[in-house]
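In what follows, a structure is listed as structure tokens, so that the remarks can point back to it.
The numbers here are math on the coordinates, done by the rules we state, and not lab data. Keep in mind the model is a prediction, meaning the values are calculated, not measured. Positions of Cβ are generated from backbone atoms using ideal geometry, with glycine treated the same way; all protein chains shown enter the neighbour counts.
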């Protein structure tokens, strides 16, 4: 199977390499073309522009850094739109908001092309290991065609229906994650102030019904007051806000998420927005806390 | 090693059997003595009364159904107190409140004996498999002596310091669990009302950073509106209340737990107290919901 | 002093009549011109179009039903913009969102005119009695010129600075009001379920430090489960949401408002959005409550 | 009408003086007897002990500083219990918890006497002006007999049913007050951070539907960060906790009160417990706030 691949950042490079390793013929493009060399050494062909890649390949995947890059690759001169059309498919795996995704979808469909949004859950390591979780939505036929590629890139892919549902699913998952982080932090503080060892609490939690990778990974650094940003708090709070907005539209009351959101806002007001979202622990610890 | 074992309910029988299988000499007692037969077949000796067991064994473990049974076995005629004393240890593994535990501890220590409270996390299956988690507190020397037995009964034991800390640790864990259940339910409702499949949300959650046994186990039955009581909602709400009280004593603000507690109270007011604690989902779904 | 007056609905007619009674010369316009007759009988002159009114008067006040009417009167053919310019002032007292207000402000200023937004607090009766509270913002010199008119229309006027601040002040006030309504409802429910008479609670509250017109007015009807919409719940919830958004922009944590907002959302999900905002009481009472 | 009066602190002296001014014959007692002189000058008689006062008077009122003084006057040597009996009534107007009140009630009734608890709302000034609000409960016949005295002491008295209801009614009122204080503080913070003048917000609030004495009295000092303790924050938080407990017993969900309670707890954790309850504003302002 032949695919185009636009964007060779940390994620994109790992993903394109995986496709090559599994026998896909891949035509790559990157804004800085020198980044293509490593993949050429693995057997990739280079396309001069996004348009050139789309011209050559029936299917093109993009993995770009943010919404503005995602739009630029499609709408700019020599962009995807110039060559997309009947019989061709475009799959954007970047993490973008629903509005950006809809805009690209409309434009591609107007040219007669097919579009799938497919944001992923997972970062560098899962990308290298082909262990991403892929949240796809849009054109079902194109999704079906892409399954062989998705099987290489991820441990699991989901087709979620209409455009925007990929972004929504991420919001719901991140909302649950943000509330859990607060519950976890409250528990660590309560243990500490009640004369229990927070470290022992981590050990007990890890053996029980609520054991999960996040507690295991974040707990020890939270106890040290170390919040190296894997997922910045301000982004987590933005996702809480967007999830609560989604609940507002559909009249779903979410009092726990609302309380968690206020704690994240408090953290932002204390200047913790650029730290990891686990830094909400500083808010809950309060003055002079040691948990 | 020789131990006494008081109480052969579902949990106690499985635990005593495990000790026998691992070469411990075990003297058992149960209020209904006929329940001892199965263990006698496995090599156990029978004690006529709790006092007789303590008289015979240096160490005695109890696993009783509730605080009143735990008190009765110690303070009644022919009870533990009549024979406990210097050089003997008593280990209560029943789930009781801190006050009950303290009362037993005081009485045993006054007689010169040593006491450890050791409530467990885990039910029938983990008890049979020797996979309990043991939250011990009290006399450290006695705890150390008991480690060989705890190694047989559980996958892990913790020594948590002074009497009462076992109960407190369970409260903290259950508080986190209760908040997580609310976050989970809110997410299921939001997915459903936003046009996403709640079943797919379960699948996505199970592949990510917050995957945990509780979501995996409770999610499918919650989507069916089925709440067979593994842990009754009224007990979960009581634990939330006690954890919030503990936070009140120590001035720890826990807004997410407080919001979750109010949802559990709402569930109680709707008559759901005897169902599983996951029935809080009915409150969050609201009228006519289908998630 | 001569003023133009656009919009003779319930509020506008009462306000224009007050100006006439206090010796102002008033030129009125209304989409349905027949509504002008009553004011002509009191001494008013009629303008054929908004543009005609502005052409004739140095100052023109508008009191329109909603944002779309407010925009139409300014931007449509024969609208305010055709005649506004240097030396003329336009004062919009309608309740509109900040975006609408900014749009009108920009357009008027570009023509060389001065603009003041001046939403009011108070409805029909205060309008008739000249007892409105006026929340003005925009051009300070124009505000100063308008003080004699504001003194007739309201018991108090405030100049709040830049355009948009009038709308923001209303949001803050309504947010406090919404939280108080929830606190009040929770108290009524607690009294009822605790064996106290909710009616007596109303009496006690009315004699104490938190006595306020809203409790006095809404309490008796809430106890009867009667929620005739003076201020629809869906509008109250919208204002809570907008106030929380404002707090999100400025990183102000507002946990009580957030909890209140979720209760209003719950009420919407139960189909109570078109009732009075005091209908949130139905949510808090829960199933089978009688308070 | 003849009454005994035990306790001549700030409140008690003002109340006894009011009774004398309205023609009651009053026999007074105070632990420090010299405090009786002022009232003797107004026509009071002195009783040597609580027992002596009860022996002389058909009705005895007590106004003591705290639960321990209230218990001491009844149960100690020469206390109320020694002379109370058939045909005599005892009215405790001190602010005590329900348990203290029940204990006194039981003891008085066992001797054949009648008992009314009658905590008041209002402090020194209302006591002097006969403007207290009296929350009475217990023996209805005794309450009826006391109405002439209550009419002199308060602007209004309520009979609330069984013993304990007076204390409960105060909890409900204080819970509403505590939630309102949080809503108020959140509004002041939001105004400040949104570029609105908090002082103007106070003025606007005072002209509207939620205007109340507490906002008027506390607002200006809160803006100055001045929290002279009229009602200490730790007592307000205790009342929130007790009200939430009452709601727990009766399964009333109170999410707004719960959120407010957590803010008060946070304030306690920051060492603000001895300041006025309006000091919760410091929590909501957060670091570096100026509202």
Cβ-vector label at 7 Å, residue B:2, separations to other copies in nm: 8.0, 8.5, 11.7
Inter-chain shielding of C:269-279 (mean C-beta neighbours from other protein chains, 10 Å cut-off): 2
Average projection area in nm² (convex hull over Cα atoms of segment C:79-121, one quarter of hull surface): 2.8
Cα principal axis extents for the protein assembly as shown, largest first, Å: 93, 90, 45
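Pop the C-beta distance of residue D:48 and residue C:216 into the FRET formula with R0 = 45 Å and round what comes out to the nearest 0.05.
0.40
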Two-site FRET efficiency, residue B:86 against residue A:131, from Cβ-Cβ distance with R₀ of 45 Å, rounded to 0.05: 0.15
C-alpha long axis of helix C:165-193 to longest principal axis of chain C, angle in °: 20
Distance in nm between pseudo-label sites at residue D:31 and residue C:106 (7 Å out along the Cβ direction from Cα): 7.2
When segment C:2-162 is reduced to its Cα atoms, the Kirkwood hydrodynamic radius in Å: 15.1
Where N is the number of residues in segment B:101-241, Cα Rg divided by 2.2 N^0.38 Å: 1.33
Minimum Cβ-to-axis distance in chain B for the rotation onto chain D, with residue, whole Å: B:258, 2
For segment C:88-112 and segment A:219-258, distance of Cα centres in Å: 38
Inter-label distance for residue C:235 and residue D:235, nm, one decimal - labels placed 7 Å from Cα along Cα-to-Cβ: 4.2
Most mobile of A:212, A:18, A:261 in a GNM of chain A (Cα contacts under 10 Å): A:212
Over segment C:85-241, relative contact order from alpha-carbon pairs under 8 Å, at least 6 apart, %: 17
Cα-based Rg of chain B normalised by 2.2 N^0.38 Å, two decimals: 1.12
Label 7 Å beyond Cα on the Cβ vector: residue D:224 copy-to-copy distances, nm: 4.5, 4.9, 6.7
Degrees between helix A:98-110 axis and first principal axis of chain A (Cα, 0 to 90, nearest 10): 10
Most mobile of C:40, C:152, C:91 in a GNM of chain C (Cα contacts under 10 Å): C:40
Relative contact order of chain D, defined on C-alpha pairs under 8 angstrom at six or more residues apart (%): 12
For residue B:211, inter-copy label distances in nm, listed shortest first [label point 7 Å out on the Cα-Cβ vector]: 1.4, 6.2, 6.4
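Ratio to report: Rg/Rh of segment A:114-171, with Cα atoms as the point set and Rh obtained by the Kirkwood method; give two decimals.
Computed over Cα atoms, the ratio is 0.96.
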Kirkwood Rh and Cα Rg combined as Rg/Rh, segment C:167-285: 0.97
Relative contact order (percent, whole number), segment B:2-162, Cα cutoff 8 Å, 6+ residue spacing: 19
Label-point gap, in nm, between residue D:41 and residue D:162 - each point 7 angstrom along Cα→Cβ: 4.8
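Across the residues of B:198-211, average count of Cβ atoms on other protein chains within 10 Å?
Per residue, the number of nearby Cβ atoms from other chains is 6 on average.
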In degrees, nearest ten, helix D:10-21 long axis to first principal axis of chain D (Cα): 50
Average partner coverage of A:160-171, which counts Cβ from other chains inside 10 Å: 3
DSSP-defined antiparallel bridges as percent of all bridges, chain A, nearest 5: 15
GNM result for chain D, Cα springs below 10 Å: residue of D:126, D:213, D:67 fluctuating most strongly: D:213
CD proxy at 222 nm, helix term only [per DSSP H run n ≥ 4: -39500 (n - 2.57); per residue of the protein assembly as shown; nearest 500]: -16000 deg cm²/dmol
Cα centroid separation, segment C:150-172 to segment D:16-87 (Å): 57
